[in-house]
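First comes the structure, then the notes that go with it.
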Amino acid sequence: MSQENSTSQKTKETQKKLALGALLLLLAVVVYFQFFSGSDAPVSVARPTPANARNNNVTQPALAQQPQRQTPQRGGTPEPIISQPLDLASIQVKNISSSGTGRNIFVYPTPTPLPPPPPTTPTPTPVPPPINIFSINPGGVIARTGDFTLTVFGDKIPQDAQGFLNGITYPTTYVSAKEAKIKVPGDAIRAPGNFSVTIRSQNNAQLYSNSYSLNVAQPPDPPYKYIGLIAGKNSSTAVLKSSNDDDVHNVKKGDVVERRWKIVRITTEKIEIEDITVKLDRPHTINYSGEAR
């Protein structure tokens, strides 16, 4: 029995050695073909098809032959690799777009130089007028106050001076080279505003003055509303309502309200009031408003 086991064990060891030898032989064959065997077949290169050439809009020349990989000969000198260069001169590029302008888009035109700026003309210094007005009296008036005399103070006023108010000439009296008086009628100041005062020579147009401002103010209106009328046998009584504090005043013709406003006339349609502090050319008029007390 022990002899049979020994024989079986020797058989298995022999089989293992044979399998190991076959594996080593196969490995040697693989290494040989990997490092010592080469392929003499030329490398194939894919050539572009006519369809691809049309899509690229480029006429393709004949492709140069690709160099073949030479296998070095054992025991000898390897052969040199020979290649043929591409003929780039035979490549023709077609127009990218048939609707293009045909110009080189990378060539920029020379910019047109801007014209030089116009020369700056210096502003001439104004020549001062020969006649200088530096003051007037009164410096301001109230419209509708009637005639008044305006005294002008200045320098180099000529003896033939003529005074102007808003460009209209009025009678002028020469006092001295520094003073002249202008007679202004009430019609000239019936409306408020700023009026220019000037003086000119009647005989020499080059003798003129600067313009000086005269303020003509709006006269104050009575602060009342005419809201009622009480008729009597001998006189009528007007009912006035104050615009400031809603006070009511019963007044007759000739009465003075708040020491300033004098009742001049009373009718069913209007009431006329005179300002006794400011002498106007005509009294103020307040129309009947019809408001209740």
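The values are calculated or read from the model by the stated rules, or taken from the named source; none is laboratory data. Since the structure is predicted, the reported quantities are computational estimates derived from the model, not experimental observations. Don't worry about glycine lacking a Cβ; one is built from the backbone with ideal geometry, like all the others, and counts go over all protein chains shown. In case anyone asks, the SASA skips ligands and DNA or RNA and just uses the protein heavy atoms, side chains included. Shrake-Rupley method; radii C 1.70, N 1.55, O 1.52, S 1.80 Å.
Within region 157-178, the set of residues being within 50 Å of the chain's Cα centre (by Cα) and in a loop (DSSP other than H, G, I, E, B) comprises ASN166, GLY167. Quick check, is ILE136 open to solvent by 40 Å² or more (accessible area, probe 1.4 Å), closer than 19 Å to ASN194 by Cβ and at pLDDT 95 or above? For ILE136, the condition - open to solvent by 40 Å² or more (accessible area, probe 1.4 Å), closer than 19 Å to ASN194 by Cβ and at pLDDT 95 or above - is not met.
One residue stands out in region 188-202 among those that are outside any strand (DSSP E or B) and farther than 14 Å from THR169 by Cβ: the one that is nearest to the chain's Cα centre (by Cα), namely PRO192. Among the criteria (1) open to solvent by less than 20 Å² (accessible area, probe 1.4 Å); (2) of a type outside the set (D, E, K, R); (3) in a strand (DSSP E or B); (4) out of contact with any helix residue (DSSP H, G or I) (no Cβ under 7 Å at 6 or more places or on another chain), the one PRO219 does not fulfil is (3).
Under the condition of being within 15 Å of LEU214 (Cα to Cα) and either of a type in the set (Phe, Trp, Tyr) or open to solvent by less than 50 Å² (accessible area, probe 1.4 Å) (or both), the residues counted in region 171-186 number 4.
Per-residue answers, yes or no, for (1) hydrophobic (A, V, I, L, M, F, W, C); (2) open to solvent by less than 70 Å² (accessible area, probe 1.4 Å):
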site: ASN166; (1), (2): no, no
site: ALA205; (1), (2): yes, no
site: ASN210; (1), (2): no, yes
site: LEU214; (1), (2): yes, yes
site: HIS249; (1), (2): no, yes
site: LYS252; (1), (2): no, no
site: TRP261; (1), (2): yes, yes
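Within region 139-151, the set of residues being part of a loop (DSSP other than H, G, I, E, B), on the phi < 0 side of the Ramachandran plot, of a type outside the set (Val, Ile, Thr) and surrounded by 12 or more Cβ atoms within 10 Å (Cβ to Cβ) comprises ALA143, ASP147. Note on region 187-203: residues that are surrounded by 15 or more Cβ atoms within 10 Å (Cβ to Cβ), out of contact with any helix residue (DSSP H, G or I) (no Cβ under 8 Å at 6 or more places or on another chain) and farther than 12 Å from LYS156 by Cβ total 6.
Enumerate the pairs (first residue in region 208-220 and within 14 Å of LEU150 (Cβ to Cβ) and in contact (Cβ under 8 Å) with a residue 60 or more places away in the chain; second residue anywhere and open to solvent by 80 Å² or more (accessible area, probe 1.4 Å) and among the polar types (S, T, N, Q)) with beta-carbon separation below 7 Å, excluding pairs fewer than 6 apart on the same chain, so at least 6 apart or on different chains. Close Cβ pairs (under 7 Å, with a partner that is open to solvent by 80 Å² or more (accessible area, probe 1.4 Å) and among the polar types (S, T, N, Q)) amount to ASN215/ASN194. Here is the figure for region 12-53: residues that are modelled with pLDDT of 80 or more and of a type in the set (Ser, Thr, Tyr) total 1. The residue that is most open to solvent (accessible area, probe 1.4 Å), counting only those in region 267-276 that are closer than 10 Å to TYR288 by Cβ and part of a strand (DSSP E or B), is LYS270.
Candidates LEU240, LEU280: the one that is at pLDDT below 95, open to solvent by less than 50 Å² (accessible area, probe 1.4 Å) and more than 55 Å from the chain's Cα centre (by Cα) is LEU240.
Based on what the data block shows, is PRO158 touching a residue at least 24 places away in the same chain (Cβ under 8 Å), surrounded by 12 or more Cβ atoms within 10 Å (Cβ to Cβ) and either under 30 Å from SER289 (Cβ atoms) or among the aromatic types (Phe, Trp, Tyr) (or both)? So PRO158 does not fit the description; no.
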